[in-house]
Each structure stands twice: as structure tokens, then as C-alpha cells.
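All remarks here apply to the structure that follows.
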Amino acid sequence: MIKKVLKMPYRTALPNGQTGALLAGFSAITIISIMVGIAGNWWFLAGVPLVVLAGYIAIVDFRKLFYLLFFFVPLTVEIWLPNGVVTDVPTEQMAVALTGIYLLYVLRNGKAMRSDFVKHPITLLLLLHLGWLFFTALNSENFIISLKFSLAKTWYVTPFYFLAGSILKKEKDVVNLTWVVLVPLCFTIVYVLVRHAAVGFSFADVNTVMDPFYRNKVAYACMLTVFLPFVWYARKSYRRFSRPWLVLAGATVLILIGIQFSYTRAAYGTLAIAAGMYLVVRWRLMKWVLTGAAIAAVFYVVGMVRHNNYLDQKPTYEKTITHHNFDELLEATTKGRDVSTMERVYRWVAGGQMVGEKPWLGFGPGTFTYFYKTYTVSGFRTYVSDNKEGSGIHCYYLMTLVEQGFFGALLFVALIFAVLLKGEAVYHRTTDPARRRMVLAALLTTVTIDTLLLINDLVETDKIGSFFFLCMAIIVNVDLENRKVTSP
């Protein structure tokens, strides 16, 4: 299937006689790069041919570079640079390149491109969200950090939303993308399972077998959970028990096995919620569920803040530890003695204090980690509160409130609500079974991510954030296609 994608017709044909010259030139660049790299011990030069090849593909047909970007998403490796900067190799560099290529494409072909995608309510909300992000960066407590964060958000949104909106218009496009991601994803699952089996599928060692493709078991389990709806519904594009159908069914089982042995509570919970949301979508209950969730959230926050009731949730420092047995972890979670859960509470309390300090514009995008420690409450401290890895608040909604103020948080929540409500409406207005599958897969993946954001910061990670924006683009495209069908 990947071979089929790579054989998609080029947008720009090469003049006769140039193919041999280009092949000779590329071979020369490859040989010179390798020889110079070996002679000078500059191993990074081995990547020069890949950069040249990517540039060539981008010029001829950037759709292939888009698919190549998603092929590398499961294989991304985090590289720590000086001054604590982290980059995802090679996806972040490819996303930057595709952002530039897409902007050039828009400048050249803007008049011929359809404007209804940009004018769609979801797109307008997303642009408003980005605009507010840059506005709050101007008022940030650390302007440089906020500017970097805002720029990084831009080169996530451009390829994963706008470019995806230009490419993924039909079911076959989404199915092709599913295959492109599935092959490397299954490779990483087998890789992790083999390494995990070598230590007896030990819960204590589960994080150590994820390297180098995943930061930890949470990142691994979350990606498997997020991608599962696409694999599940891609099966229905093929005849039952045909070879592709069997491969996708086997991949579904492999993904479920991977989730099981990740020992990740968030993945288990979101799978159950996604299954329930399928019924919510089918029975048109989305507005009632979202209304109930919003009311419950308000009552919970008010209840915690009133009379400082949140102070009653303080953990017992000596008993709040890391557990090396999964059954013990589940028991400790219910008793408030799991260190990862209570460390989240420690940071959430600090985040609440920060909101009280700067409620309207926040501290600036990407700045929570730099300022939260002065707002912490010592009674919630755990023995991992020194936060040597520099991780965030572990709740994307609260992070948005802290860093972008109330209006920024409302914009983000409005964007999520708009995607879910519009997605449900589009699903029921769609008569074509293939497009209905596209919408349902996008909706269930969106619900999964939205749920994970309650206890994680994942939108700015390529393994999750890419699908967060991709699903929006799919829903918008199907909505626009439906309008064409129903218009006189």
C-alpha cells in the first residue's frame, strides 16, 4: 500500500533526458557526502542525500513529502539540544520545510485554491486561537520562549491541518495515510514487545523498553489509542477476509496487545470512553454530553476552590511513592498515593495559583515550567517534584488557561466543542458510507485526544498533535463535500 502511495502521479513531469542527469547528480552527492563524512568523522553529512531527496520530492510533488512526514511520525526520535531545547527528528524539520513549501504554494496558486476551507467555522476558530497565541506572546513573562512556542505551533498547524485539508479529500486518501502510518507503527510495537518480553513484561521496566521511539509508556500507549479508530474503520474499505482486511484486523489486535502491555491507565480509560462516544454520536447526544461535562467541570472547580477545599486533597509524602507492580499502582491511585497522580495535583494547584495572578493574558505560551515552582503549595509536594526532566502541567486545558488567560482557554474549548458538534452533524448529514467512516474515525480519535488532554500535554507532540489537527481537516473536508452534494 505504501508503494501505491509513492506511485501517485507527479504534479510536475520531468523533461526528457533529465532523469539520467538527476540520477547521476544525486549519486554524486551521496558518494561525496559519505566519503567526506567518514574522512572528517562528520556523520551528520550522511543525511545530506536525504535532504536533497526531500527537496526534490517537494518540488515535483509535495504530497509525497506529506505522506513521508506521517511515515516518520511513529519513528520520531527526541533529540535534546543545548539550553534544554528538544526537537523531534526528523518530523519537526520536515514540518518546517512543508510549512515553507505550502506558503509558497499558496502565494503562487492562492487565487485558484478554494476559499471555503479557510472560511469554515472550524478554520476560523483555529486561526483565532493561533492569533490569540501570538498576542499573548507579546505580553509574555518570557517573550523568547513564547515566540518559539507560537512559531512551533504554526508549523504544526500548517502541514497537519491546512496541507492535510488540501490532500485528504476522499476516503482513499485517508486509507492510504492509514497504511503509511500503520507499517512503521507496527514495527515499533513489535520492537517494544520483543524488548519487553526479554524482561518478562515487567511493569517496573516498561518505560525502559520504549527508547528511542517513545519518551515513555504514556506517549507510546496514547499514540496506539489515538490511531486505533483509523485502523478499525479502514478495514471496512475492503472486502471481508480479503488480504488487506486480514492485515488490518491483525494490526488491530497487535495495537490492542501493545496497549495492554503498556500498563497505561489513561489508554485503558480513553478506549472505554471512545467506545461510549460511538453511541453518543449515533444517538445524537453530543450537545447533552458536552453540556453535562461543562457543568460538572464548573461545579468541581467551584467546589475545590470554595473554602480552600482543595487543601483536603494533600497527599501523605511518605506514602506517595512509585509502585513497581501494576495492581499496587491501581490500588494506590484510588487512595491518592500514586506519585504520578499526586504530582499532577501538585502542579495543578500551582497552576490555579498562577491563574489568580494573571487571569486575563496569562504568563505567556510555553512558560508554565519556568514559573510554576514559586506558586506551588508545599503540602502537595512529592519526592519527584524537583522535575528534572522539565515536564509541564499535565492538563492541556489548565495549561492554556495559565499561559493564555481566560479568553485563550475559552477559545480552545470552543474549538474542541465546535469540532465535536460539527463532526456529529456532518456524520448524520453524510449519505456516502465511505465518507461517514472518515468522519467517525476522525471523531473518535478527536474524543480520545480531548480526553487524554485532561491529564497530559500532548497537542505539541508530533505523535498526537498531528492527528489532533488532521481530524479537524477531515471533518471540514467532508462537510464541504456534503454541501456540494446537497447544493442545487
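Observations on the structure shown:
- Proximal aspartates and glutamates relative to Lys287, as straight alpha-carbon distance under 18 Å, when same-chain residues fewer than 8 apart are discounted: Glu424, Asp450
- Heavy-atom accessible area order for Val485, Val77, Val478, largest first, 1.4 Å probe: Val485, Val77, Val478
- Charge dipole magnitude, Cβ of K and R +1, D and E -1 - the range 396-480, Cα centre, debye nearest 20: 400 debye
- Computed accessible area, Leu411, all protein chains, 1.4 angstrom probe, square angstrom: 10 Å²
- Ignoring aspartates and glutamates fewer than eight residues from Lys119 along the same chain, the ones with Cα atoms less than 14 angstrom from its Cα are Asp479.
- Taking the Cα centre of the range 87-182 as reference, the dipole from Cβ charges on Lys and Arg (+1) and Asp and Glu (-1) amounts to some 420 debye.
- When the charge dipole of the range 147-236 is built from unit charges on Cβ atoms (+1 for Lys and Arg, -1 for Asp and Glu) and taken about the Cα centre, the candidate among Leu185, Ala164, Cys222 whose Cα reaches farthest toward its positive end is Ala164.
- Linear extension gain, Tyr370 paired with Lys170, 0.36 nm per residue minus alpha-carbon span: 67.6 nm
- Of Lys170/Lys236; Lys153/Lys422; Lys422/Lys484, those spanning more than 20 Å from alpha-carbon to alpha-carbon: Lys153/Lys422
- Amide H contacts under 5 Å for Val77: Val89, Thr91, restricted to partners 5 or more places along the chain or on a different chain, H placed in the peptide plane at 1.01 Å from N.
- Net charge, Trp132 excluded, C-beta distance under 15 Å - Lys, Arg +1, Asp, Glu -1: +1
- Charge context of Val305, other residues only, Cβ under 15 angstrom, K/R +1, D/E -1: -1
- Using a Förster distance of 60 Å, the FRET efficiency for Val302-Asn41 (Cβ separation, nearest 0.05): 0.45
The values are calculated or read from the model by the stated rules, or taken from the named source; none is laboratory data. Owing to the predicted nature of the structure, the values given are computational and were not obtained by experimental measurement. Reconstructed Cβ throughout: ideal geometry from the backbone, glycine too, with neighbour counts over all protein chains shown. Calculation scope for accessible area: heavy atoms of the full protein, side chains included, ligands and nucleic acids excluded. Shrake-Rupley method; radii C 1.70, N 1.55, O 1.52, S 1.80 Å.
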